[in-house]
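Following: one structure in structure tokens, then a few remarks.
Since every read-out is calculated from the coordinates, none of them should be taken as a lab result. Note that this is a predicted model, so its numbers are computed, not measured. Cβ placement follows ideal geometry from the backbone for every residue including glycine, while neighbour counts extend to all protein chains displayed.
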Amino acid sequence: MFRVLKRAGNSKFLLAVLMPLFLFLILWRPVLAGVGGFLIEDDGGRGIADAVVLAGDFPVRTREAAMQYREGKIRRVYFTADAKDESVSDLESMGIAFESTWDKNRRVMAGLGVPESAVLSIPGEVRATRDEADRIRAYAKDHGITSLRVITSKYHSRRACWALRRMVPSVQFSCSPSRYDRYNPEAWWKNRRDIMNVFSEYLKFIGYFIELATDRRVDS
């Protein structure tokens, strides 16, 4: 009798250990894919719009803006500009010239057939999505802009559009991540850069939730 109970107990123990492992082996890939896929927001780029290209990931975002212009989906493209690194500023003070982010974007757009009249710069350097929201808010108010299509990287799209909608409620934002971004939500855990971006985005989501709840600035 004791042996029977012992065997039954062992069976329950093995079941308790193996069942979670079995479920993990079945579900880990779709769960991770869902984690990666959640970061992407894409409304399909419907209609004709003015677009704002967020700073970073050059030239992935710039190429997307040029392609959408050539496809007739965009009338004008506005660029925000990355803040200069201190080391670059030091070298510039020594007379060593560097091509600015704006100059690089303008050169690529021209090379891809976008007329100069359709490419504009939003003044002021940015270091975070919060800075971009401040610059876009002021520029939109001064120029009567009420709607913009946000062009950014795939992994950055949901948080960026979510933050902009809450920080710049006077502008209606749609989201259109770059087709040239190689981020793969179904295999992001296999790529070091994608792993860093996924973890970074979720941490920044938490930071922006806290910022918007407390009205404090969060660097990112």
Notebook entry, point to check: Sorting HIS156, HIS143 on the 10 Å Cβ count, fewest up front, what's the list?
Noted result: HIS143, HIS156
Item checked: Burial ordering of MET94, MET167, MET109, fewest other beta-carbon atoms within 10 Å first -> MET94, MET167, MET109
Next item on the list: Mind giving me the nanometre distance, one decimal, between the label points for ASP134 and ALA213, set 7 Å out from Cα along Cα→Cβ?
Entry: 2.4 nm
Check: Rounded, prolate or oblate: which one fits region 49-214, using the alpha carbon gyration tensor with axes a ≥ b ≥ c (rounded when a/c is under 1.5, else prolate when a/b beats b/c, else oblate)?
Finding: rounded
Check: Given the pairs LYS84/LYS190; LYS104/LYS154; LYS73/LYS104, which are separated by over 25 angstrom at their Cα positions?
Finding: LYS84/LYS190
Next item on the list: Set the Förster distance to 35 Å, then compute FRET efficiency between ASP103 and TYR202 from the Cβ-Cβ distance, nearest 0.05.
Entry: 0.55
Checklist line | Label zone at TRP28, where the point sits 7 Å out along the Cα-to-Cβ direction: region 183-198 residues whose backbone N lies under 17 Å | finding: 186-192, 195
